[in-house]
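Peer 1: Below you'll find the structure I mean.
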Amino acid sequence: MNISLKDKTALVTGGSRGIGKSISIALAEAGANVIFTYNSSFSDAKDTTTAISTYCKNVEAVKADISDETDILKMFKKFDESNIDIDILVNNAGIILEKPTVETTSKEFDQLININLRGSFLTGREVLKRMMEKKLAGRVINISSDLGFLGRESFTIYSASKGAINTMTKSWALEFAPHILVNAIAPGPVDTDMLDLKNMSPEWRKKEEQIPMQRIGNPEEIAGLAVFLASNHASFVTGQIYGVNGGSVMP
């Protein structure tokens with residue numbers, strides 16, 4: 001199967017590291033022009049830009065807080081002024097919180113929901129609006145988590161945010177069909193900074209590996225599915241949440 005995203009422009013939020021970085025590189029390798037957002041580390045953004053440049057010349061890193069509506073509107077105003085159409089959106093940016101419910105503050109709740117859910121909504125709203133106006137056959141891919149299905153003790157807010165991403169994906173798929181296709185990828189444990197394998201206790205790592213595949217996944221294994229969902233090969237796929245999780249969830 002030859003997947004080509006030539007002449008397509010992709011926007012990946014949180015694309016400077018982890019799963020977002022792998023997806024950005026994979027989209028570029030398939031021929032897409034790539035724009036990605038980052039929030040803090042210019043060094044990470046520079047490294048990712050260099051990696052993407054191996055495959056495409058049209059790459060741009062945008063510093064933005066996706067939970068801030070002002071930042072989002074400023075970014076899309078710049079796209080409009082430069083006549084940049086987003087054909088593919090990957091809502092990837094997110095944070096995690098491991099903390100017992102009774103110790104979780106309202107500030108921590110707001111921060112996580114603002115980034116994981118509000119940020120995906122705001123970015124998606126602006127992309128979907130423009131896809132509709134310009135009659136683009138767009139693709140939106142939301143990054144969820146197996147915890148959006150499973151839940152987990154001390155991960156209540158994170159799990160809730162990803163469960164909301166799943167239902168938002170289905171709602172968008174219904175609202176914007178048939179021309180705009182909306183799907184989600186729900187990874188299981190993946191070797192990224194968010195999982196923090198270096199500082200993970202042997203007991204917790206063993207728990208992460210207690211899945212049929214008996215190992216933790218790699219970001220590249222998520223990226224391959226994202227490229228497929230962005231392509232014409234997935235032209236009859238919408239409203240689906242795909243588990244790339246080593247068998248941790250089997251709906």
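The values are calculated or read from the model by the stated rules, or taken from the named source; none is laboratory data. Predicted model only: the values in this text are computed from it and were never measured. Cβ coordinates were reconstructed from backbone atoms using ideal geometry, including for glycine residues, and neighbour counts include every protein chain displayed. All accessible areas refer to the heavy atoms of the entire protein, side chains included, with ligands and DNA or RNA removed. Shrake-Rupley method; radii C 1.70, N 1.55, O 1.52, S 1.80 Å.
Peer 1: Pairs under 7 Å by beta carbon, first residue β-branched (Val, Ile, Thr) in the stretch 101-112, partner part of a helix (DSSP H, G or I) and open to solvent by less than 90 Å² (accessible area, probe 1.4 Å), six or more apart or different chains?
Peer 2: THR101/THR156; THR104/ILE157
Peer 1: Something else now. Only residues in the stretch 227-251 that are touching a residue at least 40 places away in the same chain (Cβ under 8 Å) and within 18 Å of ILE165 (Cα to Cα) count as the first member; pair them with residues that are crowded, with 18+ Cβ neighbours inside 10 Å and aromatic (Phe, Trp, Tyr), Cβ under 6 angstrom, at least 6 apart or cross-chain, and list the lot.
Peer 2: Close Cβ pairs (under 6 Å, with a partner that is crowded, with 18+ Cβ neighbours inside 10 Å and aromatic (Phe, Trp, Tyr)) amount to VAL249/PHE149.
Peer 1: Restricted to the stretch 121-145, and to residues that are open to solvent by 10 Å² or more (accessible area, probe 1.4 Å) and in a loop (DSSP other than H, G, I, E, B), which residue is nearest to PRO187 (Cα to Cα)?
Peer 2: ALA137
Peer 1: Scan the stretch 13-39 and report the pairs whose first residue is touching a residue at least 60 places away in the same chain (Cβ under 8 Å) and whose second residue is surrounded by 24 or more Cβ atoms within 10 Å (Cβ to Cβ) and charged (D, E, K, R), with Cβ atoms within less than 8 Å and a gap of 6+ or a chain change.
Peer 2: GLY15/LYS21
Peer 1: Look through LYS99, LYS135, LYS129 and report the one residue that is farther than 21 Å from ASN183 by Cα and basic (Lys, Arg).
Peer 2: Checking each option against the conditions leaves just LYS99.
Peer 1: May I ask you to list the residues in the stretch 81-98 that are touching a residue at least 12 places away in the same chain (Cβ under 8 Å) and either more than 17 Å from ILE115 (Cα to Cα) or among the aliphatic types (A, V, I, L, M) (or both)?
Peer 2: ILE84, ASP85, ILE86, ASP87, ILE88, LEU89, VAL90, ALA93, ILE95, ILE96, LEU97
Peer 1: Checking MET75 against (1) open to solvent by less than 30 Å² (accessible area, probe 1.4 Å); (2) touching a helix residue (DSSP H, G or I) at 6+ places or on another chain (Cβ under 6 Å); (3) at pLDDT 95 or above, which test does it fail?
Peer 2: Here MET75 meets the rest and fails (2).
Peer 1: Sticking with this one: Can you pull out the residues in the stretch 229-251 that are surrounded by fewer than 18 Cβ atoms within 10 Å (Cβ to Cβ) and either in a helix (DSSP H, G or I) or of a type in the set (S, T, N, Q) (or both)?
Peer 2: ASN232, HIS233, SER235, GLN240
Peer 1: Another one. Is the stretch 169-188 home to any residue that is at pLDDT below 95, closer than 24 Å to ILE96 by Cα and surrounded by 15 or more Cβ atoms within 10 Å (Cβ to Cβ)?
Peer 2: Yes, the conditions are met somewhere in the stretch 169-188.
Peer 1: If a residue has to be of a type in the set (Phe, Trp, Tyr) and within 22 Å of ILE157 (Cα to Cα) to count, how many in the stretch 69-123 make the cut? First the steps, then the outcome.
Peer 2: Filtering the stretch 69-123 for residues of a type in the set (Phe, Trp, Tyr) gives 76, 79, 109, 121.
Retained after the next criterion (residues that are within 22 Å of ILE157 (Cα to Cα)): 109, 121.
Qualifying residue count for the region: 2.
Peer 1: Considering (1) farther than 21 Å from SER171 by Cα; (2) among the hydrophobic types (A, V, I, L, M, F, W, C); (3) in a helix (DSSP H, G or I); (4) touching a Leu at 6+ places or on another chain (Cβ under 6 Å), say which one ALA45 fails and leave the rest.
Peer 2: Going through the list (1) farther than 21 Å from SER171 by Cα; (2) among the hydrophobic types (A, V, I, L, M, F, W, C); (3) in a helix (DSSP H, G or I); (4) touching a Leu at 6+ places or on another chain (Cβ under 6 Å), ALA45 breaks only (4).
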